[in-house]
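Let me begin by presenting the structure, written as structure tokens, before commenting on it.
The values are calculated or read from the model by the stated rules, or taken from the named source; none is laboratory data. Just so it is clear, the structure is predicted and the values come from calculations on it, not from any experiment. Virtual Cβ from ideal backbone geometry, glycine too; neighbours counted across all protein chains shown.
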Amino acid sequence: MSKFSNLLTALTAAVVMFGHSTGFAHGEERVSIEAVTQGTLTASDKIEFVFKLQDEVAKKSVGELDLKESHTKKLHLVVYDASLNEFNHVHPTFDGEFWKAELNLTTDGSYFIWAQGTLLDGTEFSASYQVGVTDGKPALTVVSLGNIRKASVGNTVVELSKEKVRAGKMAMIIYTVSHIDGTQPDVTQYLGANAHIIAVSPDGTDLIHAHPMDGNDNTTGMIHVTFPTEGDYRIWVQVIDAGVLKTVPLSVTVLKK
Ligand SMILES: [Cu+2]
């Protein structure tokens with residue numbers, strides 16, 4: 001049974017959850033990543049990562065014309081290291097044969113790469129791939145992230161509501177954007193949503209990508225999300241404040257069932 005599920009809540013959020021299993025050579029997803037760039041990647045702020053997407057059901061390569069736009073893009077690539085500190089969210093281009101993405105990975109480590117998109121028949125997929133990065137800054141140690149519900153990037157502060165979160169139970173988390181200096185944030189849409197929330201399990205193998213629905217106030221929203229396992233999840237909240245993309249790293253301790 002596929003653990004892939006798509007939960008659309010009637011209330012305030014659309015949540016897409018992508019599970020992971022080890023039962024299938026390329027993971028359980030219908031679409032898999034086949035890297036053309038072989039072996040480990042050399043650390044750089046401009047790594048060209050070239051790959052193909054393979055539809056394992058239709059037995060064909062997936063190009064731009066095989067995808068529907070989702071959140072204003074055909075394909076989304078989310079990349080992070082095993083310590084859940086390094087993060088990229090980029091949008092690959094298709095040259096007629098290969099997908100190409102420019103990654104900014106200057107720290108060594110084991111990285112997870114996820115390609116997320118929607119096939120023409122409406123099937124959402126999240127294909128994962130793991131790759132090492134070498135010859136850069138020393139790899140970061142994998143440690144428990146703790147429960148950090150408030151963090152800032154520059155003047156922009158993101159705070160998550162404080163309720164306890166349990167594995168396997170739907171949580172309602174409210175995020176609020178504010179400014180350290182007390183001025184009002186100017187939050188505008190990023191890829192068709194006020195905020196993008198990317199949550200990753202402690203071992204990196206589960207990715208949850210959630211989008212709050214538009215509210216009257218751009219600086220706050222509610223996310224409905226079910227964390228599959230216990231532990232400290234990384235939560236990256238991405239918002240555009242005064243025209244600048246801010247990726248704020250937070251974390252949430254998920255208690256056992
Ligand atoms: Cu994206």
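Going by the conditions given, is A193 within 16 Å of the ligand (Cβ to nearest atom) and either at pLDDT below 95 or in contact with a helix residue (DSSP H, G or I) (Cβ under 7 Å, 6 or more places away or on another chain) (or both)?
Working: within 16 Å of the ligand (Cβ to nearest atom): yes; either at pLDDT below 95 or in contact with a helix residue (DSSP H, G or I) (Cβ under 7 Å, 6 or more places away or on another chain) (or both): yes.
When the stated conditions are applied, A193 passes them.
Quick check on my filter: what residues within the stretch 41-70 are within 16 Å of the ligand (Cβ to nearest atom) and more than 30 Å from G136 (Cβ to Cβ)?
E64, L67, K68, E69, S70
Of S110, S83, which residue is among the hydroxyl-bearing types (S, T, Y) and more than 17 Å from A199 (Cα to Cα)? Steps first, answer last, please.
Details: S83 fails: more than 17 Å from A199 (Cα to Cα).
The conditions single out S110.
Hey, which of the strands (runs of 3 or more DSSP E) in the stretch 173-257, taking only ones fully inside, have at least 3 residues that are among the β-branched types (V, I, T) and under 15 Å from K150 (Cα atoms)?
The qualifying strands (runs of 3 or more DSSP E) are 231-241, 244-255.
All but one of (1) touching a strand residue (DSSP E or B) at 6+ places or on another chain (Cβ under 7 Å); (2) under 27 Å from F125 (Cα atoms) hold for G192; which doesn't?
Checking G192 against (1) touching a strand residue (DSSP E or B) at 6+ places or on another chain (Cβ under 7 Å); (2) under 27 Å from F125 (Cα atoms), the one that fails is (1).
Would you mention how many residues in the stretch 87-128 are within 16 Å of the ligand (Cβ to nearest atom) and farther than 25 Å from Y190 by Cα?
Looking only at the stretch 87-128, we keep the residues that are within 16 Å of the ligand (Cβ to nearest atom), and these are 87-94, 99-104, 112-118, 124-128.
With farther than 25 Å from Y190 by Cα added as a condition, the list becomes none.
Summing the residues that are within 16 Å of the ligand (Cβ to nearest atom) and farther than 25 Å from Y190 by Cα in the stretch 87-128 gives 0.
Give the stretch 201-252 a look and list any residue that's of a type in the set (S, T, N, Q) and out of contact with any Gly (no Cβ under 7 Å at 6 or more places or on another chain), or say none.
Here is the first cut: in the stretch 201-252, the ones of a type in the set (S, T, N, Q) are 201, 205, 216, 218-220, 226, 229, 238, 247, 251.
Passing the criteria: T205, N216, N218, T219, T220, T229, Q238, T247.
Write out, first by first residue and then by second, each pair whose Cβ atoms fall under 7 Å of each other, whose residues are 6+ apart or on separate chains, and whose first residue, in the stretch 71-95, is over 24 Å from G109 (Cα atoms) and among the basic types (K, R) while the second is more than 7 Å from the ligand (Cβ to nearest atom) and outside any loop (DSSP other than H, G, I, E, B).
So the pair list comes out as K74/E64; K74/L67; K74/G117.
Taking V133 as meeting all but one of (1) under 25 Å from E29 (Cβ atoms); (2) under 18 Å from the mean Cα position of the chain (by Cα), write down the number of the exception.
Only one criterion in (1) under 25 Å from E29 (Cβ atoms); (2) under 18 Å from the mean Cα position of the chain (by Cα) is unmet by V133, namely (2).
Find the residue count for the stretch 61-112, including only residues that are of a type in the set (D, E) and more than 17 Å from F51 (Cα to Cα). First the steps, then the outcome.
Step one: of the stretch 61-112, the residues of a type in the set (D, E) are 64, 66, 69, 81, 86, 95, 97, 102, 108.
Applying the additional criterion that residues be more than 17 Å from F51 (Cα to Cα) yields 69, 81, 86, 108.
Residues that pass the stated criteria total 4.
From the residues in the stretch 39-51 that are in contact with a Ser or Thr (Cβ under 9 Å, 6 or more places away or on another chain) and in a loop (DSSP other than H, G, I, E, B), which one is surrounded by the most Cβ atoms within 10 Å (Cβ to Cβ)? First the steps, then the outcome.
So the first thing to find is which residues in the stretch 39-51 are in contact with a Ser or Thr (Cβ under 9 Å, 6 or more places away or on another chain), and the list is 40-45, 47-51.
Remaining after also requiring in a loop (DSSP other than H, G, I, E, B): 40, 43.
On the way: T40: 14, A43: 18.
That would be A43.
Keeping to the stretch 142-187, report how many residues are in contact (Cβ under 8 Å) with a residue 24 or more places away in the chain, loosely packed, with under 13 Cβ neighbours inside 10 Å and either acidic (D, E) or touching an Asp or Glu at 6+ places or on another chain (Cβ under 8 Å) (or both).
Number of matching residues: 3.
For residues that are of a type outside the set (D, E, K, R) and not in a loop (DSSP other than H, G, I, E, B), tally how many sit in the stretch 133-170.
Here is the first cut: in the stretch 133-170, the residues of a type outside the set (D, E, K, R) are 133-134, 136, 138-148, 151-158, 160-161, 165, 167-168, 170.
With the extra rule that they be not in a loop (DSSP other than H, G, I, E, B), the set shrinks to 133-134, 151-153, 156-158, 160, 165, 170.
Qualifying residue count, the stretch 133-170: 11.
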